[in-house]
1. If amide H atoms are built 1.01 Å from N in the plane of the peptide, which residues on other chains or at least 5 residues away come under 5 Å of the amide H of Val64?
2. Report the net charge of residues surrounding Leu4, where surrounding means a beta-carbon distance below 13 angstrom and charges are Lys +1, Arg +1, Asp -1, Glu -1.
3. Express the accessible area of the range 1-77 per residue in Å², computed with a 1.4 Å probe while the remaining protein chains stay in the model.
4. Express in nm, to one decimal, how much length is gained between Gln119 and Ala23 on full extension, taking 0.36 nm for each residue of separation and deducting their alpha carbon distance.
5. For the range 43-91, what D do you get in µm² per second when you plug the Kirkwood radius from alpha-carbon pairs into Stokes-Einstein at 10 °C and 1.306 mPa s?
6. Hey, any idea what % of the chain's accessible area is carbon plus sulfur with a 1.4 Å probe?
7. When Lys and Arg each count +1 and Asp and Glu each count -1, what net charge do the other residues less than 15 Å away from Tyr113, Cβ to Cβ, add up to?
8. For the range 101-110, in order, what is each residue's ³J(HN,Hα) by Karplus, 6.51 cos²θ - 1.76 cosθ + 1.60 with θ = phi - 60°, in whole Hz (x at glycine and Pro)?
Amino acid sequence: QVQLVESGGGLVQAGGSLRLSCAASGRTFSAVVMGWFRQAPGKEREFVAAISWSGGSTYYADSVKGRFTISRDNAKNTVYLQMNSLKPEDTAVYYCAARSMVVIGTRPDEYNYWGQGTQVTVSS
């Protein structure tokens, strides 16, 4: 119903920046809340950030607050994650996700649609 494709991952030094993009297609009106999750080797998938349809409400994990910014451009059906002051512990596969209800969720099982993931590696 909704397809999500992430891009923008790569290798960056600690203290550097990356911007991830997630392009949605299909029934994009179902992507009401958009979120980013990440999963490092040997760890559970964890919430990073989420944004409402209008962009008026955002929520961040404590570990990224003040460093990451989520935004969306509905005309382009795209959500972004600007990552600044990156740390080695930010290294993970980052996944874009969409939720069809208006309430922001922080658990993976609260999201209906998922991208394939993009690798972010931060070197020390």
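1. none
2. Values: positive: Arg27, Arg72, Arg99; negative: Glu6.
Computed value for this residue: +2.
3. Working: 4030 Å² over 77 residues.
I get 52 Å² per residue for this part.
4. Values: separation 96, 0.36 × 96 = 34.56 nm, distance 1.62 nm.
That pair, Gln119 and Ala23, stretches by 32.9 nm at full extension.
5. Details: Rh = 11.8 Å.
The estimated diffusion coefficient comes to 135 µm²/s.
6. Working: 3010 of 6220 Å².
Heavy-atom surface of the chain belonging to carbon and sulfur, 1.4 Å probe: 48 percent.
7. Numbers: positive: Arg27, Arg45, Arg72, Arg99, Arg107; negative: Glu6, Asp109, Glu110.
Taking every other residue near Tyr113 into account, the sum is +2.
8. Whole-Hz 3J(HN,Hα) from phi for the range 101-110: 10, 7, 7, 5, x, 10, 10, x, 6, 8.
The values are calculated or read from the model by the stated rules, or taken from the named source; none is laboratory data. None of these values were measured; they are calculated from a predicted model. Please note: Cβ atoms are built from the backbone with ideal geometry, for glycine as well, and neighbour counts cover all protein chains shown. All accessible areas refer to the heavy atoms of the entire protein, side chains included, with ligands and DNA or RNA removed. Shrake-Rupley method; radii C 1.70, N 1.55, O 1.52, S 1.80 Å.
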